[in-house]
Amino acid sequence: MAKMVILDRDGVINQDSDSYIKSPEEWIAIPGSIEAICRLKKAGYLVTIATNQAGISRGLFSEQKLQQIHQQLEHKLAMRGTRIDGIFYCPHGPSDNCNCRKPKPGLLFQIATEFDINLGETPFVGDSMRDIQAAEMAGALPVLVRTGNGEEVMRSYPEAKKLLVYDDLAHFVRDRLRSR
């Protein structure tokens with residue numbers, strides 16, 4: 001069975017924004033994140049993304065614009081000779097009550113089904129309680145990074161202190177690859 005790491009996007013791979021990332025120009029990689037993904041891929045991991053994108057349902061950007069944003073990420077990885085194995089996103093808003101919007105685990109179940117992976121052995125790296133809750137509900141291994149909303153999660157949720165917490169994606173990958 002393949003080994004995989006699932007990543008949230010905004011706040012883990014790229015800088016987050018309260019007003020959403022609405023264009024490729026607004027997409028700015030967090031220092032070290034692209035290199036961290038490259039290291040995972042070189043070590044034989046599948047790398048996928050599970051991301052809420054409610055800006056679509058709110059009319060802030062289109063699915064076509066979202067694809068352009070993801071092409072920006074893919075381009076940065078391709079320049080380093082690698083790629084993301086899959087990008088899974090929820091275009092719905094919080095009131096749509098869909099199963100794919102985190103904290104519900106639908107996106108993680110979609111990934112597990114498509115790639116035939118065991119979520120119980122799969123880290124899901126996020127920066128919000130929604131990410132952590134989705135990981136827990138899916139039976140994946142929740143990992144919190146301090147980038148994005150991670151510091152706020154650490155201050156606001158005492159239960160976050162019992163999680164695996166890393167400064168950023170690069171530090172998580174460094175420790176993950178050391179332990180294998």
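Taken together, the values in this text are just the output of simple stated rules run on the coordinates, not laboratory data. No experiment lies behind these values; they were computed from the predicted model shown. Counting neighbours? That spans all protein chains shown, and the Cβs are built from the backbone with ideal geometry, glycine included.
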Farthest positive-ward along the chain dipole, Cα basis, beta-carbon charges - from Trp27, Ser17, Tyr166: Tyr166
Rounded to 0.05, the calculated FRET efficiency for the beta carbons of Gln68 and Tyr157 at R₀ = 45 Å is 0.85
Dipole magnitude of segment 61-130, debye to nearest 20 (Cβ charges: Lys/Arg +1, Asp/Glu -1, about Cα centre): 260
For each pair in Lys65/Lys162; Lys3/Lys161; Lys65/Lys104; Lys22/Lys162, compute the distance between the two Cα atoms and list the pairs where it is over 32 Å. Lys65/Lys162; Lys22/Lys162
So what's the back-of-envelope 222 nm ellipticity for the chain, counting only DSSP H runs of four-plus at -39500 (n - 2.57) apiece and dividing by all residues, rounded to 500? -10500 deg cm²/dmol
Spit out the partnerless Cys residues in the chain, using Cβ distances under 4.7 Å as the pairing rule. Cys38, Cys98
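Using a 10 Å cut-off around each Cβ, can you sort Thr51, Thr147, Thr82 from fewest to most neighbouring Cβ atoms?
Thr82, Thr51, Thr147
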Which one, Thr48, Gly139, Met4, projects farthest toward the positive side of the charge dipole computed for the chain from Cβ point charges (K/R +1, D/E -1)? Met4
Highest-fluctuation residue, Pro103, Pro158, Pro94 considered, GNM on the chain with Cα pairs under 10 Å: Pro158
About its Cα centre, the chain carries a charge dipole, from +1 on Lys and Arg Cβ atoms and -1 on Asp and Glu Cβ atoms, whose size in debye to the nearest 20 is 440
Could you check which residue among Lys162, Lys42, Lys76 shows the biggest mean-square fluctuation in a GNM of the chain with a 10 Å Cα cutoff? Lys162
With the calculation restricted to Cα positions, what are the radius of gyration and Dmax of segment 41-180 in angstrom? 15.2, 43
State the antiparallel share, in %, of DSSP beta bridges confined to the chain, rounding to the nearest 5. 5
Residue-span extension gain [Ser95 to Glu35] - 0.36 nm each, minus C-alpha spacing: 18.0 nm
For segment 139-155, what does the Karplus curve 6.51 cos²θ - 1.76 cosθ + 1.60, with θ = phi - 60°, yield as ³J(HN,Hα) per residue in whole Hz, taken in order and with x for Gly and Pro? x, 7, 8, x, 10, 10, 10, 7, 6, x, 8, x, 4, 5, 4, 4, 6
What spacing in nm lies between the two simple spin-label points modelled at Met137 and Asp18, each 7 Å away from Cα in the Cβ direction? 2.6
Considering only Glu114, Glu26, Glu152, give the residue with the highest GNM mean-square fluctuation for the chain, with springs between Cα atoms whenever their separation is below 10 Å. Glu114
